[in-house]
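Please treat every number below as a calculation from the coordinates, not as lab data. This one's a predicted model, so the numbers in the text were calculated from it and none came from an experiment. Here Cβ is always computed from backbone atoms with ideal geometry, including for glycine, and neighbour counts include all displayed protein chains.
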Amino acid sequence: MEPVFNHFDARGNAVMVDVAEKASTSRTAVAQGSISVCPEVFQAITEGTAAKGDVLGVARVAGIMAAKNTAGLIPLCHPLALSHLAVDFTCKAETHTIQARCTARTTGQTGVEMEALTGVSAALLTIYDMCKAMDRGMVLSEIRLVYKDGGKSGVFSQEETP
């Protein structure tokens, strides 16, 4: 079976998908990604001594703000009334890696995957921006959807097992 791309009409023009006839359901999406930094940057972030201030605090707010504005960034995304957004971080000292995780929720006719992915991406980009004077070799990686539920496609999960 060939995949169907529903953001195009019969003539190949880009269109916003019509969700008017879809039922409103509770929807959740979780995305995560990582940034690898040098040991000095990792220490500055985790000890709160970075020159630009509270890196993770600012990155959290940036991720939330970006997720709220996804429809303005991704051309064919629907604007959504989000009921919950959270950005959390896990600092992994052994690899000098910071994992960002964004959770988005709504009750509506379309999912919140793009909001979660946008939130985690903006959070990681903010870490890079705030620390680039110390390390321009930081690497953003593994940005992906790890969980979603709601809608007719049901549950998708590729959560890591501890």
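Table for the structure above
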{"read-out": "Leading residue at positive end of dipole, the chain (Cβ point charges), from Ala100, Ser24, Ile127", "value": "Ser24"}
{"read-out": "Computed FRET value (nearest 0.05) for Thr49 with Lys92, which takes r as the C-beta separation and R₀ as 22 Å", "value": "0.70"}
{"read-out": "Residues Arg136 and Leu76, FRET efficiency given R0 of 30 Å [Cβ-Cβ distance, rounded to 0.05]", "value": "0.35"}
{"read-out": "Candidates Thr126, Thr103, Thr90, ranked by Gaussian network fluctuation over the chain, Cα under 10 Å, top entry", "value": "Thr90"}
{"read-out": "Rounded Å value of the spacing that divides the Cα centres of the stretch 42-77 and the stretch 82-97", "value": "11"}
{"read-out": "Of Ala31, Ala93, Ala20, the one that fluctuates the most in a GNM where the chain has Cα springs shorter than 10 Å", "value": "Ala20"}
{"read-out": "Rounded, prolate or oblate (a/c below 1.5 giving rounded, otherwise prolate when a/b exceeds b/c) for the chain by Cα gyration tensor", "value": "prolate"}
{"read-out": "Förster radius 41 Å - calculated FRET efficiency between Val61 and Ser153, Cβ distance, rounded to 0.05", "value": "0.85"}
{"read-out": "Shape call, the stretch 1-51: gyration tensor on alpha carbons, a/c limit 1.5", "value": "prolate"}
{"read-out": "Relative contact order computed over the chain (Cα-Cα under 8 Å; 6+ residues apart), in percent", "value": "35"}
{"read-out": "Which of Ser141, Gln109, Ser157, positive extreme of dipole for the chain (C-beta unit charges)", "value": "Gln109"}
{"read-out": "Cut-off 9 Å between beta-carbons: net charge of the residues surrounding Phe89, Lys and Arg +1, Asp and Glu -1", "value": "+1"}
{"read-out": "Highest average packing first - 52-62, 111-121, Cβ atoms within 10 Å", "value": "111-121, 52-62"}
